[in-house]
1. Would you calculate a helix-derived [θ] at 222 nm for the chain, using -39,500 (n - 2.57) for each DSSP H run of n ≥ 4 and dividing by the full residue count, to the nearest 500?
2. I need the trypsin sites (Lys or Arg not before Pro) found in the stretch 62-153, filtered to DSSP loop residues with at most 15 other beta carbons within 10 Å of theirs.
3. Label the stretch 73-211 by shape, choosing from rounded, prolate and oblate, from the square roots a ≥ b ≥ c of the eigenvalues of the Cα gyration tensor; if a/c is under 1.5 it is rounded, and otherwise prolate applies when a/b is larger than b/c, oblate when it is not.
4. Shape of the stretch 22-141 from its Cα gyration tensor (a ≥ b ≥ c, root eigenvalues): rounded if a/c is under 1.5, otherwise prolate when a/b > b/c, or oblate?
5. Here is the link list: K19/K195; K5/K152; K88/K120; K41/K120; K91/K120; K118/K152. Which ones come out longer than 18 Å on Cα distance?
6. Can you give the longest stretch of the chain with no exposed loop site, where a site means GluC sites (Glu not before Pro) in a DSSP loop (not H, G, I, E or B) with at most 14 other C-beta atoms within 10 Å?
7. Any idea of the accessible area per residue across the stretch 1-93, 1.4 Å probe, to the nearest Å²?
8. Ignoring ligands, DNA and RNA, please state the percent of accessible area on the stretch 31-120 from carbon and sulfur, probe 1.4 Å.
Amino acid sequence: MKIPKHIAIIMDGNGRWAKAKGLARTEGHREGARSVEVITKYANELGVKYLTLYAFSTENWARPKTEILALMTLLEETLDKFLNNPDKDIKVIFSSSRKKLPKKVLTKMEQVEKESAKNKGLILNLAINYGSRQEILEAVLKLQEKGLKPTKANFEKCLYNNLPDPDLIIRTSGEQRLSNFLLWQAAYSEFYFTKTLWPDFREKAFLDAIKDFSARQRRFGA
Ligand code: FPP
């Protein structure tokens with residue numbers, strides 16, 4: 001089986017998962033955060049090098065305040081788990097516009113980034129307060145400020161992170177769109193859509209996606 005070097009996931013369906021069980025939306029996010037832990041650990045075991053997770057978009061600020069607060073709290077709690085991870089294996093980085101995020105979350109992000117910087121396992125890239133158009137605009141500005149020539153290589157150095165492009169982009173819950181995620185980086189990515197809701201997306205579902213990817217022929221336009 002070919003293991004993709006970089007997998008990116010649009011984690012969708014937490015709300016529907018909760019609704020189907022007669023629970024509050026925040027309970028769906030809580031179970032979704034559990035999937036984040038499970039999938040990160042499993043991806044590391046499988047030898048995936050980079051895992052990018054779309055955790056909060058620049059458009060998500062339009063959600064009710066209570067839901068935003070619950071998501072921010074979950075985020076902090078999950079980051080704490082990575083901080084206290086005894087394996088010291090996973091390196092956490094962020095694709096984030098740092099502008100609107102609460103100070104507490106920003107401090108925690110910086111702490112995790114610093115303390116996990118030397119870890120040698122999977123690189124977990126969390127897209128928090130992320131929007132691809134915003135990322136591209138910020139990169140154009142940086143390019144100008146630095147007086148760099150607008151080449152592909154220079155432009156990519158100005159993105160939030162300069163990771164290899166995702167080989168596989170997964171979206172859960174049956175929706176089939178990119179929702180302002182990695183517009184630049186997805187130029188030659190393979191897409192995988194599954195009806196499984198994110199809180200139910202665990203090892204087997206992840207392996208199914210990789211198997212599907214593994215059977216594909218990639219030509220990169222050649
Ligand atoms: C989409 O479900 C999910 C989100 C907007 C947030 C994703 C967040 C998590 C999985 C939990 C916290 C993240 C981390 C990294 C700890 P939705 O609410 O849009 O679901 P719906 O479309 O069914 O309403």
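The values are calculated or read from the model by the stated rules, or taken from the named source; none is laboratory data. Nothing here was measured: the structure is a model prediction, and the numbers come from that model. As a convention, Cβ positions derive from the backbone with ideal geometry for all residues, glycine included, and neighbour counts pool all protein chains shown. SASA here: full protein model, heavy atoms, side chains in, ligands and nucleic acids out. Shrake-Rupley method; radii C 1.70, N 1.55, O 1.52, S 1.80 Å.
1. Details: 7 runs with 93 residues, N = 222.
Roughly -13500 deg cm²/dmol at 222 nm, from the helical runs in the chain.
2. Values: sites: K65, K81, K88, K91, R98, K99, K100, K103, K104, K108, K114, K118, K120, R133, K142, K146, K152; in loops: K88, R98, K99, K100, K118, K120, K146.
Those that pass, being in a loop and sparsely packed, are K88, R98, K99, K100, K118, K120, K146.
3. Values: a/c = 1.70, a/b = 1.14, b/c = 1.50.
Here the stretch 73-211 falls in the oblate category.
4. Numbers: a/c = 1.64, a/b = 1.16, b/c = 1.41.
The shape class here is oblate.
5. Working: K19/K195 16 Å; K5/K152 21 Å; K88/K120 8 Å; K41/K120 14 Å; K91/K120 7 Å; K118/K152 28 Å.
Over 18 Å Cα-Cα: K5/K152; K118/K152.
6. Numbers: sites that count: E59, E175.
The longest uninterrupted stretch comes out as 60-174.
7. Values: 4540 Å² over 93 residues.
Per-residue value: 49 Å².
8. Values: 2570 of 4770 Å².
Taking all protein chains in place, the stretch 31-120 shows 54 percent carbon and sulfur surface.
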